[in-house]
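Single-structure report; data block below.
The values are calculated or read from the model by the stated rules, or taken from the named source; none is laboratory data. As the structure is a prediction and not an experimental result, all values here were calculated from the model. A quick note on method: Cβ atoms are made from the backbone with ideal geometry, for glycine too, and the neighbour counts reach across all protein chains shown.
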Amino acid sequence: MIRLTDLPDTIAVFPLPGALLLPRSRLPLHLFEPRYLQMLDDCLKTDTRLIGMIQPSAGPKGASTAVHRIGCAGRVTQFSETEDGRYMVTLAGISRFRTVEEVEGFQPYRRFRVDWTGFDRDQGGAEHDDGFDRDRMMALLNRFFEARDLSADWETLREADDELLINSLAMLLDFGPEDKQALLEAPSLQTRRETLITLIEYALRGGEGDVMQ
């Protein structure tokens, strides 16, 4: 476990649309661009082995380099190299952060000075959602999966802990970047669950694009 006091002031940041990492969750990544292979190499030389995941943002006048202010950092816990030189990486979510400013340098990837304050809960134990109606969620998921012609291990979903279920669905379901950002910024597990239900219901009504704009 990385203590809050051990978190660095500056981290490598990987802007990836639709890729959501949450605290106490795991995100698999497939790295193949040279700049991100360099990012991984440099990351593995640090004590914390942290990479910050963040959603790109439209920014002023559609600036292509703009990112949202809040992201989530993950520790590299597994990596393996393929025969063609690509890497399969697993990040374990540690804590959300706010970007302060981008740090210029000679590295080919982006680095930001970040602020970890306000996310103390991310470093604690698993959250619980006392208002979680699992039967309603299962019924809603069944409709959603049928509409998308998707399959699921329903027994595993029913038995999963509240946080594991809600966060896994938030990370895995195919929502737009702005919707993923809303799920990331949810201040509690309950609000994340409420946001998730809103997104699923909107999709079932035939909505397109991002809801949370």
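Taking each residue of region 12-34 that is in the same structural domain as P56 (by TED's automatic domain parsing) and looking for partners that are among the acidic types (D, E) and crowded, with 17+ Cβ neighbours inside 10 Å with beta-carbon atoms closer than 8 Å, six or more apart or interchain, yields P23/D122; R24/D122; R24/E163. Looking at (1) exposed (fewer than 11 other Cβ atoms within 10 Å of the Cβ); (2) under 18 Å from the mean Cα position of the chain (by Cα), can you tell me which one E127 breaks? Exception for E127: condition (1). I need the full set of residues from region 94-124 which are closer than 27 Å to E159 by Cβ and more than 17 Å from the chain's Cα centre (by Cα), in order please. Scanning region 94-124 gives a single hit, G124.
Residues that are part of a helix (DSSP H, G or I) and of a type outside the set (A, V, I, L, M, F, W, C) were ranked within region 13-55; the one that is nearest to the chain's Cα centre (by Cα) is Y36.
Specify which of the listed residues (I70, I94) is at pLDDT 90 or above and in contact with a Gly (Cβ under 8 Å, 6 or more places away or on another chain).
Numbers: I70 fails: in contact with a Gly (Cβ under 8 Å, 6 or more places away or on another chain).
From the options I70, I94, the qualifying one is I94.
Of the residues R26, R75, R3, which single one is modelled with pLDDT under 90, out of contact with any Phe, Trp or Tyr (no Cβ under 7 Å at 6 or more places or on another chain) and of a type in the set (K, R)?
Numbers: R26 fails: modelled with pLDDT under 90; R75 fails: modelled with pLDDT under 90.
One residue alone meets the criteria, R3.
Applying the selection to region 49-67, what residues are touching a Pro at 6+ places or on another chain (Cβ under 6 Å) and modelled with pLDDT of 95 or more? Passing the criteria: only I54.
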